[in-house]
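The values are calculated or read from the model by the stated rules, or taken from the named source; none is laboratory data. On a predicted model such as this, the values are computed, not experimentally measured, just so you know. Backbone-built Cβ (ideal geometry, glycine too); neighbour counts: all protein chains shown.
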Amino acid sequence: MQAGTTIFEHMSGLARRHGAVNLGQGFPDFGWPDAVLAAGAEAILHGHNQYPPMRGIPELRSAVCEFYARRQGIATTPDQVIVTSGATEALAASIMAVAAPGDEVILFAPAYDAYAPLVRRAGAVPVFVELVPPAWQASAEAIAAAITPRTRAILVNTPHNPTGSIAGAAMLGAIAELAARHDLTIISDEVWEEVIIGTAPHASPLALAADRTIKIGSAGKLLALTGWKVGWVVAEPALAERVAQVHQFLTFTTPPPLQVAVAAGLALPDAYFAATRAQFAAARDRLVAALTAGGWHLLPSAGSYFVMADLAASGVMLADHDFCEAAVRQAGVAAIPLSAFQPDGRPTPFIRLCFAKSDGVLDDGAARLNAARVADWAKEQR
Ligand code: PMP
Ligand code: GLN
């Protein structure tokens, strides 16, 4: 079992110690809705402080259904919703609900750092299918080749952390078709469903495979409140019940005043979500423009808070991990190496940058990265 500290904790710790601009761990420094904060404060002061129902308060479970009907055209009922302590708990409960020791779960690499450790904690085996750059998609053939009689689930993440890509219709169609053919569960991590550049609605696998998909959401990303750790799963009632069986002994419940506030947040008008999308697009464009002007080569990003930079194409000779360790100490800017998302941790020439920051932070971070790119230490081959 892998030990050690997550890359996000590690890099944020270094950033604090060295007074660095933190473009590493994904959290915004702007854009949260004040009405939601007020609703949370009200709920604490007015008595929503004892154990709520195990599956979540009715107002939030209804609000989740209404939100998905309005924003994604998906019809669900509250008996399909279980509120969890963040998407992380939703992932743990879902994986443990469908995978037993010796079973296999298909993951796409690069993969969010929690997936493989959670699969292994369940006693199951992660089987990786590579997402192929620059579009970061997997073909039907590649997915089919990874399926064995022990496969129980396919875990997909769209929009995708860390690449910022969105699973296309071909990849989602292949996942739905193969899952039906081999009787697999689709665990669909959609925490970035509203952090999409542009106005297009998010395409959820739940719309393609309603009878076998566990859709995972998080208020952390929807409402820019990453520390709140309020998430949920949505699945057909029997599948939801299997997840609830695990959830009741993982965390049992999630703080009720935050549930009250998140219900209010999900009811915010479409204009709120349109405005935050525009804000993230402007932030991405600002960081990309400043770095491109400084000679950086960046990859396209269509969703999430992240954009990736190609070190080798930008003239940096260090591998991703070495660059990030040096940049936070010597240039005062924190980034995340893509190797942290690779199955074997092998070095890559890519780093992930978080653009969900106010203008001054983006400008300062870009200036420091531009200096790092041409620093003597970045030119040394190790
Ligand atoms: N899945 C993905 C793809 C994420 O990027 C994150 C956090 N950014 C999570 C899950 C965890 O979400 P939460 O903080 O709600 O546990
Ligand atoms: N999900 C956030 C990211 O990718 C951070 C999560 C964490 O710190 N564990 O940056």
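Yes/no per residue for (1) at negative phi; (2) in contact (Cβ under 8 Å) with a residue 40 or more places away in the chain; (3) within 14 Å of ligand 1 (Cβ to nearest atom):
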| residue | (1), (2), (3) |
| --- | --- |
| 235 | yes, yes, no |
| 248 | yes, yes, no |
| 252 | no, yes, no |
| 262 | yes, yes, yes |
| 273 | yes, yes, no |
Residues of the stretch 91-115 that turn out to be crowded, with 18+ Cβ neighbours inside 10 Å, within 16 Å of ligand 2 (Cβ to nearest atom), of a type in the set (Gly, Ala, Ser) and under 24 Å from residue 168 (Cβ atoms), as a count
1
Residues to consider are 140, 153, 124; find the one that is farther than 25 Å from residue 348 by Cβ, away from ligand 2 (no atom under 16 Å from the Cβ) and out of contact with any strand residue (DSSP E or B) (no Cβ under 8 Å at 6 or more places or on another chain).
140
Any residue in the stretch 111-133 that is at positive phi sitting within a Cβ distance under 6 Å of a residue that is modelled with pLDDT of 95 or more? List the pairs, counting only those 6 or more apart or interchain.
123/101
So, in the stretch 102-148, exactly how many residues are under 14 Å from residue 179 (Cβ atoms) and either of a type in the set (Asp, Glu) or in contact with a helix residue (DSSP H, G or I) (Cβ under 8 Å, 6 or more places away or on another chain) (or both)?
9
Restricted to the stretch 275-319 and to residues being within 16 Å of ligand 1 (Cβ to nearest atom) and among the aliphatic types (A, V, I, L, M), the residue surrounded by the fewest Cβ atoms within 10 Å (Cβ to Cβ) is 302
Examine the stretch 294-311 for a residue that is small (Gly, Ala, Ser), at pLDDT 95 or above and part of a helix (DSSP H, G or I), and state whether such a residue exists.
no
Report yes if some residue within the stretch 153-164 is over 29 Å from residue 309 (Cβ atoms), touching a helix residue (DSSP H, G or I) at 6+ places or on another chain (Cβ under 6 Å) and not in a loop (DSSP other than H, G, I, E, B); otherwise report no.
yes
Within the stretch 9-25, of all residues that are touching a Ser or Thr at 6+ places or on another chain (Cβ under 8 Å) and part of a loop (DSSP other than H, G, I, E, B), the one nearest to residue 335 (Cα to Cα) is 24
Name every residue in the stretch 156-178 that is closer than 27 Å to residue 97 by Cβ and within 16 Å of ligand 2 (Cβ to nearest atom), in order of residue number.
157, 158, 159, 160, 161, 162
Which of the helices (runs of 4 or more DSSP H) contained wholly in the stretch 211-288 include at least 1 residues that are within 18 Å of residue 158 (Cα to Cα)?
219-222
For residue 126, only one of the following conditions fails: (1) within 16 Å of ligand 1 (Cβ to nearest atom); (2) part of a helix (DSSP H, G or I); (3) not hydrophobic (A, V, I, L, M, F, W, C). What is its number?
(2)
